[in-house]
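Structure first, then comments.
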Amino acid sequence: MLQRQLKSFNRKSLNRRFRRRRRREATGFEPLENVLGYAFSDVSLIRKALTHSSWTQQHPQDPHNERLEFLGDAVLELAVTSHIFEEYPHLAEGKLSKLRAEVVSTASLSKIGQELELEKWILTQANSVHNIEISSIMGNTIEALIGAVFLDGGWKAARQVVLTLAESQIKEAALKPGGSDWKSLLQERLAKKSGQRPKYLSIPQGTSPDPRFLATVSLYEQEIGRGEGRSKKLAEQEAAREALDRLELS
């Protein structure tokens with residue numbers, strides 16, 4: 001009996017020590033991983049994703065991120081394509097293509113990189129990189145990070161990171177001419193059904209540098225939809241979209 005208890009104790013002790021060993025040590029990348037919403041199991045992948053080819057001129061032992069960029073470009077495009085296909089069922093193929101092209105453009109990815117303050121994470125050889133190239137480098141690094149997440153955590157993890165990074169850009173692009181103006185569509189449909197106009201109320205939720213708004217839309221003093229966004233306009237558009245779904249008017 002005592003022997004069995006000792007064996008059981010030893011197994012439990014070993015399991016606890018094994019779990020402790022498996023916990024990842026601090027790497028310095030945690031702040032960036034927190035923003036991405038993903039923690040790497042293989043830390044070498046995030047380090048590689050952040051290494052520009054210019055860095056390897058004087059550090060040839062460090063692999064650069066160009067292959068990860070190639071992979072991430074394809075993952076990004078598929079993730080954005082599948083998301084907008086599901087989220088905007090009323091858009092024709094041509095408009096979907098324009099929406100995707102804008103979201104995956106260098107300008108859009110560079111904007112995401114600036115929001116992440118990615119420049120301070122990227123390893124580059126300063127003398128080899130001109131200021132004009134930084135925006136392009138940040139866009140390419142975003143793609144490399146997506147490729148690294150795909151290799152480390154698979155499709156679901158990579159798709160979630162893409163949406164974490166790009167969902168606001170997708171919503172903004174969808175509101176441009178030829179995109180989705182949910183407020184106008186809701187007003188048009190309600191006018192035909194009831195002759196009434198919806199009323200919106202927007203409330204600030206966050207503070208700088210990450211402002212957020214909560215918006216509600218009402219009809220006959222009853223809430224019919226609500227939404228959140230980085231601006232009052234985006235929040236109201238999301239509220240209108242929910243109202244259209246609830247009332248089955250879309």
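The values are calculated or read from the model by the stated rules, or taken from the named source; none is laboratory data. The model shown is predicted, which means the values in this text are computed figures rather than measured ones. Cβ atoms come from the backbone with ideal geometry, glycine included; neighbour counts cover every protein chain shown.
Residues of region 68-90 that are among the aromatic types (Phe, Trp, Tyr) and assigned to a loop (DSSP other than H, G, I, E, B): 88 alone. The lone criterion from (1) assigned to a loop (DSSP other than H, G, I, E, B); (2) crowded, with 16+ Cβ neighbours inside 10 Å left unmet by residue 59 is number (2). Restricting attention to region 108-123, the residues that are of a type in the set (A, V, I, L, M, F, W, C), within 13 Å of the chain's Cα centre (by Cα) and farther than 12 Å from residue 140 by Cα add up to 1. Mind checking whether some residue in region 7-18 is assigned to a helix (DSSP H, G or I) and modelled with pLDDT of 80 or more? Taking every residue of region 7-18 in turn, none turns out to be assigned to a helix (DSSP H, G or I) and modelled with pLDDT of 80 or more. Note on region 19-43: among residues that are among the polar types (S, T, N, Q) and either loosely packed, with under 10 Cβ neighbours inside 10 Å or in contact with a helix residue (DSSP H, G or I) (Cβ under 9 Å, 6 or more places away or on another chain) (or both), the one that is modelled with the highest pLDDT is 41. The residue pairs whose first member lies in region 75-98 and is farther than 14 Å from residue 163 by Cβ, whose second member is hydroxyl-bearing (Ser, Thr, Tyr) and assigned to a helix (DSSP H, G or I), and whose beta carbons are closer than 9 Å, counting only pairs six or more residues apart or on different chains, are 96/81.
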